[in-house]
Amino acid sequence: MTAIERTAYPRFKATLSLKELETSYQPHATELLWAMKNTRQPQATGQLIILLKVVQHLGYFPKPADIPESIISYIAQQLTEPVELDLKSLPREKRYRYYHLVRDYLKIRPYAGSPSTKHFANLNSQL
């Protein structure tokens, strides 16, 4: 049977090895520069990088409480200034701003804003 993290609806594995963390969650220099350019504080840079890396791996934004501590601490260690990162206390407005930045960086669009959704909304309003 296929592991749940390899299906159409991927999830985080219960435990991640160091090799898996390095392969999937190691921030590249260009990603760090992009995050630093879009944030003012090292903690915010780390939060943005975490969201970027989990979306790259999963293909969607998980709930902040669902992101394993091993990923958060690994990314915190990769930053130029080690900081303590906490996504659970990230204000909603800031989190949505980061979602927008990640979508722009990865060139992805939210499903709800797709042209077909707008088309169906227009059709329903005409009925």
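Exposure proxy shown here: for THR39, THR45, the number of other Cβ atoms within 10 Å sets the order, fewest to most, as THR39, THR45. When the listed pairs LYS63/LYS107; LYS13/LYS37; LYS37/LYS107; LYS53/LYS107; LYS63/LYS94; LYS13/LYS88 are checked against a 23 Å cut-off, the alpha-carbon distance exceeds it for LYS13/LYS37.
Can you work out D for region 4-108 in µm² s⁻¹ from Stokes-Einstein, where Rh is the Kirkwood radius over C-alpha pairs, the temperature is 4 °C and the viscosity is 1.567 mPa s? Here the translational diffusion coefficient equals 93 µm²/s.
Every number in this text was worked out from the coordinates using simple rules, so none of it is lab data. Computed from a predicted model, the values in this text were never measured in an experiment. Neighbour counts run over all protein chains shown; Cβ positions are idealised from the backbone, glycine included.
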